[in-house]
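Accompanying notes for the structure given below.
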Amino acid sequence: MARKLSLHPKKKEWDQTFQMMSWWKADEVRAAQVMVVGAGALGNEVLKNLALMNVGRILIVDFDRIEYHNLSRSVLFRESDCEANRLKADVAAERIREINPNVKVQTIQGDIMLDVGLGVFRRMQAVIGCLDNRLARMYINRHCYKVGRTWIDGGIENLAGQISVYTPDVSCYECTLSQGDWVNINAKLGCPDVARRNSSQGRVPTTPISSSIIAAMQVQEALKVIHGNHEQSLAGQRFYYEGMSNFIMQFKLAPLQEDCLAHFPYDPIIEASTLSADRSVGETLAWLNAYFEVEDAAIELDHEVVLEVATRKTEQVYEMVVAKPHLTDKRLRELAVDPGETVVFTKEVNVLDASFPAPDRKLRELGIPPLHILRVRAGDDIHFVELTGDEAFLNYT
Ligand SMILES: [Zn+2]
């Protein structure tokens, strides 16, 4: 018997095989937003898996360029990318769009501690950490805790690796840190130059094998979060794998500590669609004063804004308005007249209020990224106000 030809052949769907799994929620995966911090060895594998699994919107945060030694552990990078001195985030985005044209990708060539607003974290279903330094992990942890998001940390060394899942009120990266870890973090915190602050001391030997194992598990955990499967997630636990001896261990993370500074949820969050990082300090304060019906609204910053520096020996004083994390060593060296001269910060603030000397400066110029959530003091109260006017900042393509 001749087969009847269908006039409307069923459209091929990327995830039709996954749909055969009873637990798979195709629409939720397609609609999900996942942030990947770090596009190195782990990041490459995580991004490849997210694209293959059809995760709809992927945000890549990385500020590095591709170097030759990355190639042996990075499935998405080619020698030509390295010769062209291309950015890891750009190349990774291009390649995963090639792998699965259904996924939309956005990149932020920036630093996780400065350039990604809290509102961006808030819009993610999950955040995946693919980094090799504690300070950046601490920031991701604090940001995620503030907006109630789970983050999935991965780390690799030699043939070993580990994955930990941190969910607010269940587990917290900072609560797991030892005193030695804090010494390392504080040393880096004191270093204003972002590039130096992010560099890891001595390169850690890793292989594409451990990164593909750990990254695969990270994505699997992210899919559980997207599916709302909290019971079977690794939240509150760490999984450790050592490939040489096939040693595997899973253990509970340290319990939450009461005095931990990371446990600071921003709740409730006020969405201010008229505010954005492109508004000036003066305009923003005026809006906040009107909204909260006060005259003394103040924006509390997590970093300092430097207003004046001086050279120690020649006692030259320079006025400036620069977010301290933007003040690179190079810029400070340019100010020092004599070689060997040191520059000291003589005036800095960490609050933007009516007394701020440069009310015309845009928030963005003072280290406040788009879609950030401001911590605002009005009278005796603290409020959390999102720069929702930056909503279009997330525009995956
Ligand atoms: Zn904690």
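Per the listing Val309, Val321, the residue uniquely surrounded by 18 or more Cβ atoms within 10 Å (Cβ to Cβ) and not in a loop (DSSP other than H, G, I, E, B) is Val309. Taken over region 103-141, the criterion of being assigned to a strand (DSSP E or B) and hydrophobic (A, V, I, L, M, F, W, C) is satisfied by Val105, Ile108, Ala126, Val127, Ile128.
All conditions but one from (1) at pLDDT 95 or above; (2) crowded, with 17+ Cβ neighbours inside 10 Å; (3) in contact with a helix residue (DSSP H, G or I) (Cβ under 7 Å, 6 or more places away or on another chain) apply to Leu288; the one that does not is (3). Restricting region 62-84 to residues that are in contact (Cβ under 8 Å) with a residue 12 or more places away in the chain and among the acidic types (Asp, Glu) leaves a set whose member that is surrounded by the fewest Cβ atoms within 10 Å (Cβ to Cβ) is Glu67. Just one of the listed residues (Glu348, Glu341) is assigned to a loop (DSSP other than H, G, I, E, B), surrounded by 14 or more Cβ atoms within 10 Å (Cβ to Cβ) and either of a type in the set (A, V, I, L, M, F, W, C) or in the same structural domain as Arg377 (by TED's automatic domain parsing) (or both), and it is Glu341. Just so you know, in region 251-281 the residues that are in contact with a strand residue (DSSP E or B) (Cβ under 6 Å, 6 or more places away or on another chain), away from the ligand (no atom under 16 Å from the Cβ) and part of a loop (DSSP other than H, G, I, E, B) include one that is farthest from Arg377 (Cα to Cα), and it is Asp278. Of all the numbered requirements in (1) surrounded by 14 or more Cβ atoms within 10 Å (Cβ to Cβ); (2) outside the structural domain of Cys130 (by TED's automatic domain parsing), Leu42 misses one, and that requirement is (2). When region 140-182 is filtered for residues that are within 20 Å of Asp64 (Cβ to Cβ) and either more than 14 Å from the ligand (Cβ to nearest atom) or surrounded by fewer than 21 Cβ atoms within 10 Å (Cβ to Cβ) (or both), the ones remaining, listed by number, are Gly154, Gly155, Ile156, Glu157.
Among the residues of region 89-102, is any part of a loop (DSSP other than H, G, I, E, B) and touching a strand residue (DSSP E or B) at 6+ places or on another chain (Cβ under 8 Å)? No, region 89-102 contains no residue that is part of a loop (DSSP other than H, G, I, E, B) and touching a strand residue (DSSP E or B) at 6+ places or on another chain (Cβ under 8 Å). Inside region 99-151, residues that are farther than 24 Å from Ile214 by Cβ and among the β-branched types (Val, Ile, Thr) make up a count of 2.
Within the bounds of region 51-61, is there any residue that is surrounded by fewer than 18 Cβ atoms within 10 Å (Cβ to Cβ), part of a helix (DSSP H, G or I), free of Cβ contacts under 8 Å to residues at least 40 places away in the same chain and not polar (S, T, N, Q)? No, region 51-61 has no match at all.
The values are calculated or read from the model by the stated rules, or taken from the named source; none is laboratory data. Because the structure is predicted, anything quoted here is derived from the model rather than measured. Methodologically, a virtual Cβ is constructed for each residue, glycine included, from the backbone with ideal geometry; neighbour enumeration extends over all protein chains shown.
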